[in-house]
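The structure under discussion appears below in the form of structure tokens.
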Amino acid sequence: MPAAHLPPALEANRELIAHHKASLKAGADALRRAYEARPLTDPILRGRCQLVDSVLTSLWKASAIPSSASLVAVGGYGRGDLFPHSDVDLLFLLEDDPDEELSERLTQLIGLLWDVGLEIGHSVRTIDGCLEEAEQDITVMTNLLEARLIHGNTPLFKRFQERLHGQLNPGQFFKAKRLEQEQRYTRHNDTPYSLEPNCKESPGGLRDLQLIGWISRAAGLGTHWRDLARHGLITEEEAIELRELERFLQHVRIRLHHLTRRREDRLLFDHQETLAHEFGFTATDNRRASEVFMQEYYRTAKKVTQLNTILLLNFGVEFFPNRYPAAININERFQCVRELLDVRDEGVFDRHPSALLECFLLLQQRSELKGMTARTLRALWRGRKLINTEFRQNPANRALFLRLLQQKRGIVHEMRRMNQYGILSFYLPAWRRIVGQMQHDLFHVYTVDQHILQVLRNVRRLMVADHAHEYPLLTRLCTSFEKPWLIYIAAIFHDIAKGRGGDHSRLGMKDARDFCENHGLGEEDTRLVVWLVQHHLSMSNVAQKQDLSDLDVIQRFAGLVGNERYLTALYILTHADIRGTSPKVWNGWKGKLLEDLFFATQRLLRGATPQQALGTPVRQDDARSLLRYYGLRPGTEDALWAQLDQVYFLRHDPEEIAWHARMLYYRVESDEPLVKARLSQVGEGLQVMVYMRDAGDLFVRLCGFFSRLGFSIADAKIHTTRHGYALDSFVLLDPGHEIHYRDMINLLEHDLTERLQANAPVDRPAAGRLSREVKHFPITPEVSIRPDERGQHYIMSVIAADRPGLLFGVAETLVAHGINLHTAKIATLGERAEDTFLISGPELSQDARILKIETDLLEKLAI
């Protein structure tokens with residue numbers, strides 16, 4: 001309807017919307033300019049509340065809502081902390097359930113609020129409705145706890161507050177909020193040190209501080225940090241520090257909202273450099289400005305979690321003072337109070353500095369202790385500086401530290417606690433350099449210190465029988481390993497030299513050797529730890545980038561490890577290390593590669609012949625047994641196996657060999673392509689087999705087809721039979737974790753068979769979007785082609801930023817140059833692809849042609 005012919009009511013509404021939309025924008029712009037001129041948190045947060053209050057009040061009046069109703073701000077808006085793009089949470093509080101006319105007016109009001117540009121979350125309730133919802137949902141109770149009347153029926157609002165507080169049980173509320181925090185911590189992997197933390201929800205974020213405020217408000221202890229100090233729950237110094245920490249996090253969130261122009265609370269790589277400059281941080285010789293800024297953020301988050309812990313402990317005492325018996329003395333330095341370790345007096349660490357380590361040992365040894373009291377944590381933090389050179393050189397303290405790594409329980413918990421309260425940084429000076437240090441390698445998602453602790457946790461988990469079902473082989477190896485604590489030491493030092501420049505494995509060797517020698521380890525134990533630090537990447541590189549069916553590869557690796565003890569220790573550490581980088585990096589296929597390398601090397605070290613080490617005869621025998629199990633007569637496999645060479649049996653495990661034979665024994669000479677798919681036998685994903693007369697562009701066509709369906713290729717084994725058939729095997733994964741693999745089997749088999757039969761044009765993968773990480777930390781592509789040691793084939797290595805269609809581009813280039821592909825080892829480490837191909841072809845005998853192939857590939861890989 002043209003504006004000139006709008007009915008008067010609609011025209012008035014349109015003018016009202018335009019007016020308030022403009023006033024909100026003008027007000028927000030003015031608040032932002034004032035903040036940029038003088039960055040203060042209170043004026044902008046309170047100012048936006050006041051701005052929104054005025055608009056809401058005006059629209060409430062314009063909507064002719066009855067005076068019996070109340071317009072109430074809840075949540076952060078009720079508290080008075082409204083960030084630039086935060087939601088506006090509202091409660092329409094009524095005396096009784098709304099009639100049809102009031103419901104219609106409220107609906108129109110809600111529409112107006114959205115039309116003027118406010119993102120609202122709202123509820124329409126009576127007092128009884130509020131109390132009923134609050135009783136059932138702690139989140140509703142929390143929101144209502146911060147209710148603030150904007151406009152309307154004041155007596156109704158006061159009755160609501162009185163009844164809400166009358167219903168509230170502070171002790172039960174405290175328990176529920178503490179449990180809620182534990183669940184939130186779990187969602188964020190129990191660490192504030194992810195490389196892209198959420199400044200609101202991650203451990204150490206604003207939510208940790210808000211939780212303290214909610215509990216304080218529920219208990220009637222006040223609404224400011226100084227109120228908690230007056231009640232003796234924190235010191236005056238801690239109250240001041242909490243306000244400073246809160247301000248820093250508020251500044252981070254305000255600037256994030258301004259920068260992104262939306263409700264964005266994640267410190268993504270895209271924003272870190274800009275934020276760093278806005279905060280005034282500058283780059284140093286070896287660190288970006290963003291790294292300096294993020295270390296400040298991590299220090300803040302660390303202090304927030306410390307003070308949050310202290311306050312929760314003190315709240316527990318406040319709410320449940322008579323729940324536990326009197327203190328029980330443990331020794332002259334410590335006692336047990338309310339199931340917590342407590343210093344007998346606050347001067348214990350000054351008189352007995354070694355107690356700084358002893359307290360962690362007691363927590364490991366006494367299962368009845370659930371943690372430390374608030375005063376012990378404070379004393380621990382203050383006393384950390386007593387750990388000096390003299391302390392570190394004291395043989396008794398060195399023995400104590402070793403004992404911490406040799407206990408039956410609590411190793412990871414106490415190492416994390418020691419890191420949290422600065423003890424590790426003072427005891428291991430090299431550790432201090434990596435606390436909060438970022439890693440820009442596209443596959444680590446934690447800071448260096450947190451990655452190391454995650455690796456330690458993974459190793460330790462393999463030692464616990466309760467988790468044996470996760471990785472049974474590794475648990476068996478770990479539990480039978482003499483002195484497993486040596487692997488713990490190697491885990492602590494494997495990345496400790498990150499960020500110093502140079503090879504961190506070699507630099508870390510010196511730190512590891514110094515530690516071992518200073519702590520009295522024997523020569524052999526020291527040698528093992530130092531060797532593990534030096535070679536902690538070797539097994540991963542061999543398993544993921546080299547041909548495990550090549551005996552030379554296995555023999556070289558066996559020569560590197562030397563004996564089964566070293567092999568076992570390296571296998572355990574490698575497995576834990578890969579799993580500790582990021583949840584995205586690990587998958588069952590990587591686990592299978594490591595396991596295959598372990599068993600092949602183990603057999604060789606135990607004196608097996610080369611063929612026995614690779615397991616060829618055993619694989620064939622095992623495959624025959626499986627075929628008999630499935631009911632196939634002896635000899636059924638002979639026709640197919642007669643067309644397969646030794647390399648085929650080296651590259652496939654018995655289960656795979658048997659599967660191929662079951663699918664192909666009756667159509668070895670078939671003119672029609674056969675495509676079979678099944679769920680992966682070694683983890684997530686699909687295994688796909690393609691059998692047909694060989695064609696030069698077959699691999700390109702397959703790559704294009706798989707990419708079009710949204711799959712990435714984790715592994716490819718390309719084999720040509722003696723009679724000219726392609727027998728190609730693939731492991732496919734869904735990088736977005738959105739595909740239901742079982743549902744894709746029939747579709748994949750049908751569509752791929754149809755396209756191969758029709759000799760359809762090559763499917764070109766859709767242009768995929770680059771990830772944020774790759775955009776922010778680009779990778780310069782690398783291509784290397786070199787002959788293998790026998791001179792029969794060539795090994796091509798490709799390093800590039802991973803993206804959809806990457807493998808297709810490589811395959812297309814190889815086909816254009818007439819290159820034959822035999823195997824492809826696809827190693828994707830987060831956003832970084834490190835792929836290795838075994839290739840052959842006439843052009844590879846000429847250096848100039850190799851250079852041309854490498855140049856063409858680099859052009860394909862360039863982003």
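The values are calculated or read from the model by the stated rules, or taken from the named source; none is laboratory data. Source: prediction; values computed, not measured. Positions of Cβ are backbone-derived with ideal geometry, glycine not excepted, and every protein chain shown enters the neighbour counts. With ligands, DNA and RNA removed, areas are computed over all heavy atoms of the protein, side chains included. Shrake-Rupley method; radii C 1.70, N 1.55, O 1.52, S 1.80 Å.
One residue stands out in region 702-723 among those that are under 18 Å from Ala661 (Cα atoms) and either of a type in the set (Phe, Trp, Tyr) or modelled with pLDDT of 90 or more (or both): the one that is least open to solvent (accessible area, probe 1.4 Å), namely Thr721. Considering only residues in region 356-385 that are over 15 Å from Val343 (Cβ atoms) and touching a Lys or Arg at 6+ places or on another chain (Cβ under 8 Å), the one that is surrounded by the most Cβ atoms within 10 Å (Cβ to Cβ) turns out to be Gln364.
Residues in region 661-698 that are at pLDDT below 90, farther than 16 Å from Arg722 by Cα and of a type in the set (A, V, I, L, M, F, W, C): 1 in all. Taking helices (runs of 4 or more DSSP H) as the structural unit, those lying wholly within region 1-95 and holding at least 3 residues that are modelled with pLDDT under 90, surrounded by fewer than 16 Cβ atoms within 10 Å (Cβ to Cβ) and hydrophobic (A, V, I, L, M, F, W, C) correspond to 8-37. Among the residues of region 829-842, those identified as farther than 13 Å from Ser797 by Cβ and open to solvent by less than 40 Å² (accessible area, probe 1.4 Å) are Leu829, Gly830, Glu831, Ser840, Gly841. Taking region 386-415 as the range and being open to solvent by 30 Å² or more (accessible area, probe 1.4 Å), at pLDDT 95 or above and among the charged types (D, E, K, R) as the test, the residues that pass are Glu390, Arg392, Arg398, Arg403.
If you go through region 612-656 and keep only what is among the hydrophobic types (A, V, I, L, M, F, W, C), more than 43 Å from the chain's Cα centre (by Cα) and outside any loop (DSSP other than H, G, I, E, B), you end up with Ala639, Leu640, Trp641.
Please count how many residues of region 657-681 are touching a residue at least 60 places away in the same chain (Cβ under 8 Å) and within 38 Å of the chain's Cα centre (by Cα). Within region 657-681, residues that are touching a residue at least 60 places away in the same chain (Cβ under 8 Å) and within 38 Å of the chain's Cα centre (by Cα) number 7. Residues that are outside any helix (DSSP H, G or I), farther than 26 Å from Trp485 by Cβ and under 25 Å from the mean Cα position of the chain (by Cα) within region 541-583 comprise Ser582, Pro583, listed in sequence order.
Within the option set Phe279, Phe269, being touching a helix residue (DSSP H, G or I) at 6+ places or on another chain (Cβ under 8 Å), buried (at least 17 other Cβ atoms within 10 Å of the Cβ), of a type in the set (Phe, Trp, Tyr) and touching a residue at least 40 places away in the same chain (Cβ under 8 Å) holds for one residue only, Phe269. Restricting Thr300, Thr309, Thr282, Thr223 to residues that are of a type in the set (Ser, Thr, Tyr), assigned to a loop (DSSP other than H, G, I, E, B) and under 29 Å from Ser425 (Cβ atoms) narrows the list to Thr282.
Number of residues in region 430-470 that are assigned to a loop (DSSP other than H, G, I, E, B) and of a type outside the set (Val, Ile, Thr): the value is 14. Please state which one of Arg125, Arg105 is surrounded by 20 or more Cβ atoms within 10 Å (Cβ to Cβ), out of contact with any Cys (no Cβ under 6 Å at 6 or more places or on another chain) and among the basic types (Lys, Arg). Exactly one of Arg125, Arg105 is surrounded by 20 or more Cβ atoms within 10 Å (Cβ to Cβ), out of contact with any Cys (no Cβ under 6 Å at 6 or more places or on another chain) and among the basic types (Lys, Arg), namely Arg125.
Residue by residue, here is whether (1) in a strand (DSSP E or B); (2) closer than 30 Å to Gly736 by Cβ; (3) under 32 Å from the mean Cα position of the chain (by Cα); (4) at pLDDT below 85 holds:
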residue: Lys775; (1), (2), (3), (4): no, yes, yes, yes
residue: Val815; (1), (2), (3), (4): no, yes, no, no
residue: Leu821; (1), (2), (3), (4): yes, yes, no, yes
residue: Ile826; (1), (2), (3), (4): yes, yes, yes, yes
residue: Glu834; (1), (2), (3), (4): yes, yes, yes, yes
residue: Glu854; (1), (2), (3), (4): no, no, no, no
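The residues of region 596-612 that are crowded, with 19+ Cβ neighbours inside 10 Å and closer than 14 Å to Asn541 by Cα, listed by number, are Leu597, Phe598. Scanning region 529-559 for residues that are out of contact with any helix residue (DSSP H, G or I) (no Cβ under 6 Å at 6 or more places or on another chain) and of a type in the set (A, V, I, L, M) returns Leu537, Val553. In this structure, Val688 does not satisfy being in a loop (DSSP other than H, G, I, E, B), open to solvent by less than 40 Å² (accessible area, probe 1.4 Å) and touching a residue at least 24 places away in the same chain (Cβ under 8 Å). Say whether the condition of being in contact with a Leu (Cβ under 7 Å, 6 or more places away or on another chain), of a type in the set (Ser, Thr, Tyr) and outside any strand (DSSP E or B) is met by at least one residue in region 730-750. Within region 730-750 (the criterion being in contact with a Leu (Cβ under 7 Å, 6 or more places away or on another chain), of a type in the set (Ser, Thr, Tyr) and outside any strand (DSSP E or B)), the answer is yes, since at least one residue qualifies. The criterion of being surrounded by 14 or more Cβ atoms within 10 Å (Cβ to Cβ) and closer than 25 Å to Leu313 by Cα holds for Phe174.
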